[in-house]
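Visitor: Let me begin by handing over the structure; questions about it come next.
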């Protein structure tokens, strides 16, 4: 039995003051804060930091996190985007599936 998963694709991605807004192919619109996007960065380095259970590791200050901004968005094939941050970080490739799963915006009401 073949199971089909719905593949949502962005039709538009825009930066705004505190995050990015994505218009999806099914008409849904979602917004993701810079803070959430950086917390969920899928790059190997960020994953390793998140999984580090060392109680003595140094965490970034809240000011650092609050001042993070996306300065560039680049498409990666037909499946993801790469975000470049104002601190120079740019190794995170965010698959559309991940971005859709991070959705915290309520579903658009039916027309």
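Computed from the coordinates by the stated procedures, all read-outs in this text should not be read as laboratory data. Small disclaimer: the values here were computed from a predicted structure and weren't measured. Reconstructed Cβ throughout: ideal geometry from the backbone, glycine too, with neighbour counts over all protein chains shown.
Visitor: If the chain between residue 36 and residue 51 were fully stretched, how many nm would it gain, using 0.36 nm times the residue separation less the Cα-Cα distance?
Guide: Using 0.36 nm per residue and subtracting the Cα-Cα distance, I get 3.7 nm.
Visitor: Same structure, new question: Quickly rank 48-54, 78-84, 65-71 as a protection proxy: mean count of other C-beta atoms within 10 Å, highest first.
Guide: Result, highest mean first: 78-84, 65-71, 48-54.
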